[in-house]
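To start, the structure itself, in structure tokens.
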Ligand SMILES: [Mg+2]
């Protein structure tokens, strides 16, 4: 398998704050929280981890039922929040997706902290959803490395590849080559969990020097410069 996994926020798109707006509206509606604590970081983390931290810091319940209530309200509010926000598809994204889809034997997938319904809402809004047939999402896991492993499992199921071959090594293992593209150090770390080639882009909130400190395999200013990634996947 040769698979390039994409993060969503700050990597494929900038949602113009739509996600955080829908979070804030949901917490206000369900839990009476007027202003979300600024102490809980969003970038590079799973929706479930962010939600559990916010529920705890605001003294709300943290049961499975609370999570389900959050999930339902948040994903129903997200489409309108996206319409009200000024976001964009990030530079080079459409061209890179086209190149990878044309590349023989290369597949693309998602590896994101967004819940599946949130990922779908965001990428439908930006007309990218139809490109992605599988992925790992932030519905069940709080740890991004667990999401990475479930993204590989989803790829295997989609491509009907046996899971007998353990994934290891530095991005390449036998015929397997995985790459993970993301805008935070969490993306780089979770790439390591599946032995993937880590590509960092500072198109989210994390500056290049912080990304470089996490030692990605490739760091580029935008996905317009992703040629080395395409060549690595095809080599
Ligand atoms: Mg991101």
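A short reminder: the numbers here are calculations on the coordinates, not readings from a lab. These numbers were taken from a predicted model, which means no experiment stands behind them. Cβ: placed from backbone, ideal geometry, glycine included. Neighbour counts: every protein chain shown.
For the chain, the relative contact order comes to 26 percent (Cα pairs under 8 Å, sequence separation of at least 6).
Could you check what % of the DSSP bridge pairs in the chain are antiparallel, to the nearest 5?
Antiparallel bridges make up about 15 percent of those DSSP assigns within the chain.
If you take the Cα centroid of region 70-112 and the Cα centroid of region 195-232, the two points sit 18 Å apart. Relative to the longest principal axis of the Cα atoms of the chain, the long axis of helix 47-57 lies at roughly 30 degrees.
Multiplying the sequence separation of residue 76 and residue 29 by 0.36 nm and subtracting their Cα-Cα distance, what value in nm do you get?
Details: separation 47, 0.36 × 47 = 16.92 nm, distance 1.23 nm.
Once the chain is fully extended between residue 76 and residue 29, it gains 15.7 nm.
Annotation for residue 57 and residue 103: the two label points, set 7 Å from Cα along the Cα-Cβ direction, are 3.7 nm apart. For the chain, the longest principal axis of the alpha carbon atoms and the long axis of helix 93-102 meet at an angle near 40°. First check a/c for region 18-84, with a ≥ b ≥ c the square roots of the eigenvalues of its C-alpha gyration tensor; if it is under 1.5, answer rounded, and if not, answer prolate when a/b is larger than b/c or oblate otherwise. Cα axes put region 18-84 in the rounded bin. Computed from Cα positions, the angle between helix 64-84 and the longest principal axis of the chain comes to roughly 80 degrees.
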